[in-house]
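Notes for the one structure printed next.
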């Protein structure tokens, strides 16, 4: 983005500075020199929001996953945490969301996942089949 715009007015070129500038929060844009310069030019400064990973919903899910994985491997002697990934994902997919009142599995698939160890349960398989054919 250019700080100055140019335009042709009749036979002469006019140069004008912007009324506002949007920048990030890095040191050159929050310093006194830059602030005084903007004030002298009568330019309004606006800043983009400061990035914070906790405000990012994807990062929150990653944090939840790591926390669940730590809990599952807390008292285990082996360091093969990768064995617990499926269980950690299952736990997160079966946890009810406070805002929707549904589990992610129910929201995405339309039915709850079978309880662990209940994969062969015919009642669960039937409800899954019916939910899948309803869409």
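Need at least 3 residues that are touching a residue at least 24 places away in the same chain (Cβ under 8 Å) and within 21 Å of residue 91 (Cβ to Cβ) per element, so show me which helices (runs of 4 or more DSSP H) inside segment 25-76 make the cut, counting only ones lying wholly within it.
57-73
Only one of 68, 73, 80 is outside the structural domain of residue 22 (by TED's automatic domain parsing), more than 22 Å from the chain's Cα centre (by Cα), surrounded by 12 or more Cβ atoms within 10 Å (Cβ to Cβ) and over 30 Å from residue 25 (Cα atoms); which?
Just a single option satisfies the conditions, and that option is 73.
The values are calculated or read from the model by the stated rules, or taken from the named source; none is laboratory data. Keep in mind that what you see is a predicted model, and the values were worked out from it rather than measured. Note: ideal-geometry Cβ built from the backbone for every residue, glycine included; neighbour counts use all protein chains shown.
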